[in-house]
Amino acid sequence: MQRQLPTVLISMRILGSASVAACLVATPAAAADAERGKAVFQTCAACHNDGANPLGPNLKGVYGRKSGALEDYRYSPAMMRANLVWDEPNLKSYIAYPQSRVKGNRMPFGGITDSKDIDDVVAFLKGYK
Ligand code: HEC
């Protein structure tokens, strides 16, 4: 019995440091990355851009704005009725499931499935002005 003790102690130390290392790795990977989000936004920019006649409403300043709020864009009745504020949870759920989040809206986009892409593009939108 006496002779087994050091082995137990050593394996506890290994397990302990492994979980500390896992935390250190997990934290930066989970943080949203606006730079990366800018690249993800290229998908959105096909419709959301500064062109003369873009398909979608301009998303500059969208973070914190009410849905359907731009005077110079003709939204669908569904988007006009949505009555959302584009905060982090609403943007994330809309980007993931545009059609079920705002039923009947006219954004011809299936949504993004990768949660890291969603986090990053929302981080980018927060600073998009
Ligand atoms: C193929 C074109 C297209 C793409 C791609 C697209 N959108 Fe849209 N988006 C639209 C259109 C059109 C609307 C207006 C919908 C309506 O009025 O029903 C819209 C509306 C929105 C709104 C509401 C804006 C407001 O002023 O209320 C947000 C937010 C939005 N899109 C985010 C995104 C993001 C983020 C992406 C990329 C991940 C994206 N969209 C990709 C066409 C697109």
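Rank by packing, highest mean first: peptides 115-122, 64-71, with packing defined as the count of other Cβ atoms within 10 Å averaged across residues. Each step should come with its number before you reach the end.
On the way: 115-122: 19.8, 64-71: 14.1.
Ranking the peptides 115-122, 64-71 by packing returns 115-122, 64-71.
List the lysines whose Cα sits under 16 Å from the Cα of Lys60, skipping any in the same chain fewer than 8 residues away. List returned: Lys38, Lys126, Lys129.
So if R0 is 25 Å, what FRET efficiency would Ser76 and Asn53 give, r being the distance between their Cβ atoms, rounded to the nearest 0.05? Present the calculation step by step, with values, prior to reporting the outcome.
Values: r = 17 Å, r/R0 = 0.68.
With R0 = 25 Å, the Cβ-Cβ based efficiency is 0.90.
Every read-out reported here was derived from the displayed coordinates using simple, explicitly stated rules and does not represent laboratory data. A quick note: this is a predicted structure, and the numbers were derived from the prediction, not measured. Glycine gets a Cβ as well: all are built from the backbone with ideal geometry, and neighbour counts include every protein chain shown.
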